[in-house]
Amino acid sequence: MEAECKSVHDPFYCHHQRGNFSRHFMSMKPAMIGAKAERRVLFPGPIVVGAGPSGLAVAACLKDKGIPSLIFERSNCIASLWQLRTYDRLRLHLPKRFCELPLLPFPSWFPTYPTKQQFVAYLEAYVRQFDIQPVFNASVVAAEYDAAAGFWRVRTVSSGGGSEKERTEYVCRWVVVATGENAEAVVPEIAGLEEFKGPVVHTSLYRRGDVYRNKRVLVVGCGNSGMEVSLDLCNHNAHPSMVVRDSVHILPREMLGRSTFGLSMWLLKWLSVKTVDRFLLLVARLVLGDTSKFGLRRPQLGPLELKSHSGKTPVLDVGTLAKIKSGDIKVRPAVRRIMEHGAEFADGTVEEFDVVILATGYQSNVPRWLQEREFFSEKDGLPRRPFPNGWKGRNGLYAVGFTKRGLLGASLDALRIAQDIELCCKTDENCR
Ligand SMILES: Cc1cc2nc3c(=O)[nH]c(=O)nc-3n(C[C@H](O)[C@H](O)[C@H](O)COP(=O)(O)OP(=O)(O)OC[C@H]3O[C@@H](n4cnc5c(N)ncnc54)[C@H](O)[C@@H]3O)c2cc1C
């Protein structure tokens, strides 16, 4: 029993018991210094921050090479974005073959666009397959490279169990940042928002439309989340109005019997981005019609060019456009100000609303805790170098899942990082 408890709370104990340490790590035993509340622990393998799909992918690739890692996750489960911060009707936006993690394909019986529940089940199977045991309820609050010692110092605060928070400093050679491009909800400053008398909800807290039945809902934002939440509201007999401040590319999810994403990737093997964009816009016009008639102006740059310049993802239509065309979802211009019971728009019109839903996106939280400014930008918390060069920093620092290319990009990062750390172990005396 005592051994069981220890194995749950002490990751080092687990590794030793199963004899999983690779030959290179056997000589570096973990050490604990200090009292329980202020522990210092030497961990001989890489520390991974975040147990989303990216962190799990890295841990699996490392495990496959015999390298144990230690994952810290601030919430109480894996893939917390998917499990705790997304709406019920969510499915993968891209076909499953572009979303599987390294070393384990999706079950063949999964549909082309798995539901979020299926995706989470896949990740749970992934964790079992590679025997990955993240440390839950452990937030990384600081990570800093100690140049004199040649090690990273990673500080965590654990809130599991009792009310007392446990602070620990981990010392390690490698830090893998896997906290995601969507770590924190973005709540923009909108004039008058604090005056609004009804609920104001970010999409990260939206689950399903039934609680908004018969309500007049202002959805601020028209990305994939804003479009899908508006559709969900409509399907639950609410009355959504969606704010489209700028221009937006909306594309059919499928074209010519193939996924738009898959078709674009295929065409890009032979054609330039501009040519593929022209093709996508031509087919989109034939399938969807002129979206500007419904208040959805297209940006000047084509969808793929815009994505590579600004990271802005085109919206893949899952039925929202039909509801916009039928008038069930209304399109509104930018909000000038929010009032107690409604909103005034940029064109001067005023309308009453019961609820405001902010589909205003997410941002990285890396600058809050990583004390490093060369590799990660302080401005947006993303690696400064764009894909495919944004996975490796200096002194054993890595980034996984910051490519603006979803799960496919994260998988590529994970494979590269594991290879690099393995190489380092083979060549670097300190690792032996
Ligand atoms: C609604 C929605 C739909 C999407 N659909 C798709 C899709 O179909 N296909 C696709 O490829 N991509 C999709 N994406 C993008 C998606 O975010 C990523 O593909 C995927 O979740 C990224 O995984 P990640 O591990 O990098 O980040 P996340 O899933 O965000 O995981 C990061 C983890 O790090 C933890 N964390 C953060 N900070 C700390 C800290 N300081 N200490 C400890 N832990 C921390 C978080 O709690 C979280 O569990 C979608 C995103 C959203 C929001």
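Go through segment 385-407 and report how many residues are modelled with pLDDT under 95, touching a Phe, Trp or Tyr at 6+ places or on another chain (Cβ under 9 Å) and open to solvent by 20 Å² or more (accessible area, probe 1.4 Å).
Within segment 385-407, residues that are modelled with pLDDT under 95, touching a Phe, Trp or Tyr at 6+ places or on another chain (Cβ under 9 Å) and open to solvent by 20 Å² or more (accessible area, probe 1.4 Å) number 5.
Contact list please: Cβ distance under 9 Å, first residue in segment 282-295 and within 18 Å of Pro333 (Cβ to Cβ), second residue of a type in the set (Ser, Thr, Tyr), pairs at least six apart or on different chains.
What qualifies is Ser292/Ser247.
Against the definition (within 21 Å of Gly221 (Cβ to Cβ) and in contact (Cβ under 8 Å) with a residue 60 or more places away in the chain), how does Leu382 come out, yes or no?
yes
Considering segment 206-223 alone, what residues qualify as being surrounded by fewer than 18 Cβ atoms within 10 Å (Cβ to Cβ) and out of contact with any helix residue (DSSP H, G or I) (no Cβ under 8 Å at 6 or more places or on another chain)?
Across segment 206-223, the qualifying residues are Arg207, Asp210, Val211, Arg213, Asn214, Gly223.
Within segment 166-174, identify whether any single residue is touching a residue at least 24 places away in the same chain (Cβ under 8 Å), in a loop (DSSP other than H, G, I, E, B) and away from the ligand (no atom under 14 Å from the Cβ), and answer yes or no.
yes
Which ones in segment 51-71 are open to solvent by 10 Å² or more (accessible area, probe 1.4 Å) and within 9 Å of the ligand (Cβ to nearest atom)?
Within segment 51-71, Gly52, Pro53, Ser54 meet the criteria.
Pairs please, first residue from segment 116-130 and more than 12 Å from Pro102 (Cα to Cα) and part of a helix (DSSP H, G or I), second anywhere and open to solvent by less than 20 Å² (accessible area, probe 1.4 Å) and small (Gly, Ala, Ser), Cβ atoms under 7 Å, 6+ apart in sequence or on different chains.
The qualifying pairs are Val120/Ala79.
Can you name every residue in segment 123-151 that is β-branched (Val, Ile, Thr) and open to solvent by 40 Å² or more (accessible area, probe 1.4 Å)?
Correct list: Val141 only.
What's the number of the only condition in (1) exposed (fewer than 15 other Cβ atoms within 10 Å of the Cβ); (2) modelled with pLDDT of 95 or more that Asp88 fails to meet?
Here Asp88 clears every test but (2).
Please go through segment 27-65 and give me each residue that is at positive phi and at pLDDT below 95, ordered by number.
Scanning segment 27-65 gives a single hit, Gly34.
If you take the residues in segment 205-225 that are touching a Leu at 6+ places or on another chain (Cβ under 8 Å) and part of a strand (DSSP E or B), which one is farthest from Arg332 (Cα to Cα)?
Val217
Would you confirm whether or not segment 332-352 contains a residue that is within 16 Å of the ligand (Cβ to nearest atom), outside any loop (DSSP other than H, G, I, E, B) and touching a Ser or Thr at 6+ places or on another chain (Cβ under 8 Å)?
no
Return yes when Asp420 is more than 16 Å from the ligand (Cβ to nearest atom) and in contact with a strand residue (DSSP E or B) (Cβ under 6 Å, 6 or more places away or on another chain) and no when it is not.
No.
In the list Ala148, Ala143, which residue meets the criterion of being part of a strand (DSSP E or B) and small (Gly, Ala, Ser)?
Ala143
The values are calculated or read from the model by the stated rules, or taken from the named source; none is laboratory data. What you see is a predicted model, and the numbers here were worked out from it, not measured in a lab. Cβ atoms come from the backbone with ideal geometry, glycine included; neighbour counts cover every protein chain shown. Accessible surface is based on the protein model in full, side chains and every heavy atom, while ligands, DNA and RNA are left aside. Shrake-Rupley method; radii C 1.70, N 1.55, O 1.52, S 1.80 Å.
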